[in-house]
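Right, one structure below, let's go through it.
What follows draws every value from the coordinates through simple rules; no lab data is involved. Predicted model only: the values in this text are computed from it and were never measured. Neighbour counts are summed over all protein chains in view; Cβ atoms, including those assigned to glycine, are modelled from backbone coordinates with ideal geometry.
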């Protein structure tokens, strides 16, 4: 395995705008390149690297995605075992809502192979810019939709709530990408413990091409099961109330007096 090393990079969201110079140089320099990206980016990458291997061929309509992910990881690792300099390219930020990149890096390191991940622009970064939402203002909660449904989660309605991958919300079998209105209704039902049915929400999709605009469709939660949901749709619920002040902590802080000025 002498000479083997792995670099995982992200393409960002928008074709032609978000790919960093560092990521581009890694794609050009690698002996083997694997990619899991959207169709426009794949077409562009194939012009740059005609020898690229498309990891999307691991998918099948009736196949559990976890098995597909295992095959992707195995393909990348097999090239490393041949002693290759490998670059694996993923859509957006390779470390955000992406199992294969993290697993590939961990497996390589466990085998004593140098591996690292380069950050990319994520859909979350685009969301803050497009919707004018600052996670530092009220705080932010971010969950994958199915994990939110099946885990004992208790969101804070005084902070921003983001639920990702709602198209596959509630799909425990991890098969297919089409939304299911009945499962989305169950998601709304759980959210109803903290958010009334008329709570305003946003269906967000980042623009993937420079000629596109982002989607920011405003709905109320009760409308979610009947709304148009695509594979990359994200549910955003802004804060619905102000957070209570911790009076005891405030008094303790005020009792300390003004901070000394450093000289």
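Structural remarks
Conditions (1) within 19 Å of residue 232 (Cβ to Cβ); (2) within 18 Å of the chain's Cα centre (by Cα); (3) surrounded by fewer than 19 Cβ atoms within 10 Å (Cβ to Cβ), marked per residue:
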| residue | (1), (2), (3) |
| --- | --- |
| 19 | yes, yes, no |
| 38 | yes, yes, yes |
| 41 | yes, yes, no |
| 62 | no, no, yes |
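For (1) buried (at least 19 other Cβ atoms within 10 Å of the Cβ); (2) farther than 24 Å from residue 11 by Cβ; (3) touching a strand residue (DSSP E or B) at 6+ places or on another chain (Cβ under 7 Å), each residue gets a yes or a no:
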residue: 116; (1), (2), (3): no, no, yes
residue: 120; (1), (2), (3): yes, no, yes
residue: 128; (1), (2), (3): no, no, no
residue: 131; (1), (2), (3): no, no, yes
residue: 134; (1), (2), (3): no, yes, no
residue: 150; (1), (2), (3): no, yes, no
residue: 156; (1), (2), (3): no, yes, yes
residue: 159; (1), (2), (3): no, yes, yes
residue: 164; (1), (2), (3): yes, no, yes
